[in-house]
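Input: a single structure, listed below in structure tokens.
Every read-out reported here was derived from the displayed coordinates using simple, explicitly stated rules and does not represent laboratory data. Remember, it's a predicted structure, so these values are computed and weren't measured experimentally. Every residue, glycine as well, gets a Cβ built from its backbone with ideal geometry; the counts of neighbours run over all protein chains shown.
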Amino acid sequence: MSEALSKILDYGFNRIGLKKIEAFTHKNNLKSTTMLLKNNFKHDVGRTDKDNENNIIFSITRANFL
């Protein structure tokens, strides 16, 4: 899964020029949380998913990807 995420990040930042990518995952999904953190995503503490209170939000900027 990390390989797929790496390709998605590369495409988003380098091919289409995104400045930030966000990921929403269930608060109990430890595998996804671990994968996001290993790939330099930061937990956006204090942000909430208005559609699902059980989700936590992570994000990565282009600068943190490089």
**Request:** Quick one: in the stretch 40-66, of everything that is surrounded by 14 or more Cβ atoms within 10 Å (Cβ to Cβ) and of a type in the set (Ser, Thr, Tyr), which residue is farthest from TYR11 (Cα to Cα)?
**Result:** SER59
**Message:** Tell me the residue from ASN40, ASN28 that is at positive phi and in a loop (DSSP other than H, G, I, E, B), please.
**Reply:** ASN40
**Prompt:** Out of curiosity, is LEU18 aliphatic (A, V, I, L, M), in a loop (DSSP other than H, G, I, E, B) and surrounded by 13 or more Cβ atoms within 10 Å (Cβ to Cβ)?
**Reply:** yes
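Just the residues that are of a type outside the set (Asp, Glu) and in contact with a Ser or Thr (Cβ under 7 Å, 6 or more places away or on another chain), please, taken from the stretch 39-57. Walk me through it before giving the result.
Within the stretch 39-57, the subset of a type outside the set (Asp, Glu) is 39-43, 45-48, 50, 52, 54-57.
Of everything in the stretch 39-57, those that are of a type outside the set (Asp, Glu) and in contact with a Ser or Thr (Cβ under 7 Å, 6 or more places away or on another chain) turn out to be ASN39, PHE41, LYS42, ASN55, ILE56.
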**Message:** Take the residues in the stretch 34-66 that are hydroxyl-bearing (Ser, Thr, Tyr) and in contact (Cβ under 8 Å) with a residue 24 or more places away in the chain; name whichever of them is nearest to MET1 (Cα to Cα).
**Reply:** SER59
**Prompt:** Does ALA4 qualify as being of a type in the set (Gly, Ala, Ser) and within 13 Å of the chain's Cα centre (by Cα)?
**Reply:** yes
**Asked** Out of all the residues in the stretch 1-30, which are of a type outside the set (S, T, N, Q), without any contact (Cβ under 8 Å) to a residue 12 or more places away in the chain and over 19 Å from LEU66 (Cα atoms)?
**Response** LEU30
**Item:** Qualifying residues in the stretch 30-39 (those that are surrounded by fewer than 14 Cβ atoms within 10 Å (Cβ to Cβ) and of a type in the set (A, V, I, L, M)) - the one nearest to ASN55 (Cα to Cα)
**Value:** LEU30
